[in-house]
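Accompanying notes for the structure given below.
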Amino acid sequence: MLWSFIAVFFSGWLYVDASCRGPAWQRWVFKPVTLLLLLLLAWQAPMFSAAGYLVLAGLFASLVGDALAQFPQQRMLYAIGAYFLSHLLYTIWFASGMSFTFFWPLPLTLLIIGALSIAIIWSRLDEYRWPVCTFIGMTLVMVWLAAEQWFMRPTDSAFSGFAGASLLLLGNIIGFISHYRRRFQADSAIAAACYFGGHFLIVRALYL
């Protein structure tokens with residue numbers, strides 16, 4: 001896993017660096033390359049159950065979403081759908097390894113975070129209001145189930161999955177706010193680092 005991790009880290013760092021100051025071709029190349037390396041890393045993981053392949057499918061859906069996001073604005077709806085599918089697959093994977101419990105402060109906190117995020121960007125979303133809101137809702141459910149799994153079974157694997165899901169949520173919130181409301185310094189780099197870090201930690205959970 002060490003050399004695979006180094007390859008993922010180096011490729012991801014090149015993309016994050018390009019998001020701040022690098023050329024456009026570097027972003028075009030290293031985002032899909034990093035996702036492909038994560039797919040390879042996940043493929044090499046010891047799959048203790050068939051549910052582990054949901055992570056592979058989720059990574060592939062994200063890769064498709066990244067590809068669609070590079071096309072003109074008309075394809076953005078399909079990209080959001082691919083990202084939604086990715087988080088749905090991750091959510092099913094988290095749910096497959098737990099007995100349902102309900103710790104009410106957790107969904108309440110996530111609901112507040114989601115409501116505030118949507119309120120900030122709502123007036124700028126236009127025709128993407130409901131697709132984006134649905135996607136944010138799916139991401140919140142993913143984080144909720146990952147957290148419930150960790151609270152119920154506080155293992156290193158469960159924590160890695162929870163941390164990964166939380167980073168994906170944070171990256172999406174930063175990305176949406178910077179795109180639709182207000183840009184800030186290094187916003188693209190921070191969102192990209194959360195994106196790759198989130199996926200990596202979820203893949204890492206397969207090894208623990």
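Bear in mind that the values in this text are calculations on the coordinates, not laboratory data. Keep in mind it's a predicted model, so treat the numbers as computed, not measured. Note that each Cβ is placed from the backbone with ideal geometry, even for glycine, and that neighbours are counted across all protein chains shown.
Laid out as a table, the results:
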{"quantity": "Net charge dipole size for the chain [Lys, Arg +1 and Asp, Glu -1 on Cβ; Debye, nearest 20]", "calculated": "340"}
{"quantity": "Residue (of TYR53, PHE176, CYS194) at the positive-pole extreme of the chain, dipole from beta-carbon charges", "calculated": "PHE176"}
{"quantity": "Ranked by how many other beta carbons lie within 10 Å on average, peptides 177-183, 199-205, 37-43 from highest", "calculated": "199-205, 37-43, 177-183"}
{"quantity": "For the chain, calculated [θ]222 nm from helices alone, where every DSSP H run of n ≥ 4 adds -39500 (n - 2.57)", "calculated": "-27500 deg cm²/dmol"}
{"quantity": "Between the stretch 77-95 and the stretch 178-192, the alpha-carbon center distance in angstrom", "calculated": "22"}
{"quantity": "Listed values (i) 44, 42, 32; (ii) 85, 46, 29; (iii) 41, 41, 27, entry calculated as Cα extents along the principal axes in Å", "calculated": "(iii)"}
